[in-house]
Structure formats: structure tokens, C-alpha cells
Amino acid sequence: MNFDNSKEWHWFKGGILVSLLSVATYFVFAAIAERNYPFGITAGFGFIAGKFGSLFEGLNENPVIKRFSEKPDAFIEFFLLIGLVIGGYAASKLSNTFSPETIPVVWEKYHGKSLVKRYAFVLVGSILLGFGAALSGGCTTGNILQGWAHLSLGSIVAGVSFFAAGIITARILYPKTGGGNDNN
């Protein structure tokens with residue numbers, strides 16, 4: 001089965017589908033978790049941490065680990081994480097756009113071919129991203145897709161911060177890309 005990937009979806013069509021998903025997941029999570037829980041994936045990582053926490057004596061009493069080990073919404077979000085990986089892989093294979101790369105071309109242009117340097121940046125960036133998600137009370141998915149839909153001031157501030165930090169980070173890591181500087 002081949003899909004035509006020559007055209008991108010119109011932003012309005014994608015927006016309508018994301019909105020419908022947002023509303024549906026809001027009600028599904030409310031029914032399953034018995035509270036109005038926004039859609040996101042942060043609790044899925046918490047579920048994984050909770051399972052690792054149960055392997056070590058004393059960590060089961062930690063209220064955060066205990067919460068993620070026992071709540072059904074964390075278990076559901078764990079499967080959302082798995083679905084993101086499987087869905088992304090399946091979509092790229094079906095559209096014939098799958099092309100794994102160890103070091104992206106733009107990274108190599110600015111920072112060289114060192115795998116150690118690349119993975120060190122990825123590790124540090126992942127830790128900072130996780131810290132930011134914990135600090136803002138959720139990941140970009142939960143804050144932007146759900147929080148903005150509910151006009152949550154905290155989510156709006158978090159989302160704006162995510163975008164600003166992303167732009168600043170991109171300008172630091174890739175100072176001459178974008179706009180008219182692509183040929184440099």
C-alpha cells in the first residue's frame with residue numbers, strides 16, 4: 001500500500017483533526033481516570049519510572065512514583081508513548097520517507113561528525129527537556145494541545161516559553177541557517 005506524500009495536509013484540516021482528538025481524549029481520560037485529565041505523554045514516562053522504582057526498595061513509598069505506578073491514566077499514556085513510536089515508524093514506511101540518520105546534515109555542518117558530541121548534546125537536551133516538562137506541569141503535548149484548548153494561563157505561558165526556548169536554542173546551535181543565510 002502506497003500513500004501519496006507529495007502534498008501536505010492543509011493546516012485547517014490538521015487543526016480540526018487535532019481538535020477532535022483533544023475533545024475525545026478529554027472525555028476518555030475523564031471516564032477512565034475519574035477526573036478531567038488532559039491528553040499528554042508525561043505520565044507515560046512517569047509510569048516507566050514507577051515500574052523501575054518498584055525494583056528498588058524504599059522507592060515505592062515515594063508519592064510521585066506511587067502515583068504513577070497506580071493510576072490508570074499513567075498506564076494509558078505509557079501506551080501512547082509506544083503508539084507514537086510505532087505510528088511514526090509506520091507512517092514513514094508507508095509514505096516512503098523513512099531515512100534514519102545518525103548525524104543530521106545540518107548538525108555535521110556546524111558541529112562535525114563526532115557521535116560522542118552529538119549524543120552528549122542529545123542527552124543533555126533530553127534532561128533539560130524533562131526538567132522543563134516537570135517544571136511546567138506537563139509536556140508540550142499536554143500544555144499546548146490540551147492546555148491552550150482550555151485557555152489555561154499556565155499552559156499558555158509554558159507553550160510560549162517552549163517556542164521561545166526552541167528559537168533561541170536553534171539560533172545558538174545553527175546560527176547561519178534559516179532565511180536568506182541558507183547558502184553560507
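No value in this document is a laboratory result; all are computed from the given coordinates. Just so you know, these numbers come straight off a predicted model, no measurement behind them. Every residue, glycine as well, gets a Cβ built from its backbone with ideal geometry; the counts of neighbours run over all protein chains shown.
Structural remarks
- For the stretch 39-126, GluC sites (Glu not before Pro) are listed when DSSP marks them as loop and at most 12 other Cβ atoms sit within 10 Å of their Cβ; the list is GLU57, GLU101.
- Computed magnitude of the charge dipole of the chain (debye, nearest 20; Cβ of K, R +1, Cβ of D, E -1): 400 debye
- Inverse of mean 1/r across different Cα pairs in the chain, Kirkwood, Å: 19.3 Å
- Normalised contact order of the chain, rounded percent, pairs of Cα under 8 Å and 6 or more residues apart: 22 percent
- Straight-distance candidates among the lysines for linking to LYS51, with alpha-carbon spacing under 19 Å and chain neighbours fewer than 8 residues away dropped: LYS66, LYS71.
- Leading residue at positive end of dipole, the chain (Cβ point charges), from ALA74, THR102, TYR89: THR102
- Total charge dipole magnitude, the stretch 12-100, about the Cα centre, Cβ charges on Lys, Arg, Asp, Glu only, Debye to nearest 20: 280 debye
- Within a straight-line Cα-Cα reach of under 27 Å, LYS117 can be paired with the following lysines, leaving aside sequence neighbours fewer than 8 residues apart in one chain: LYS109, LYS176.
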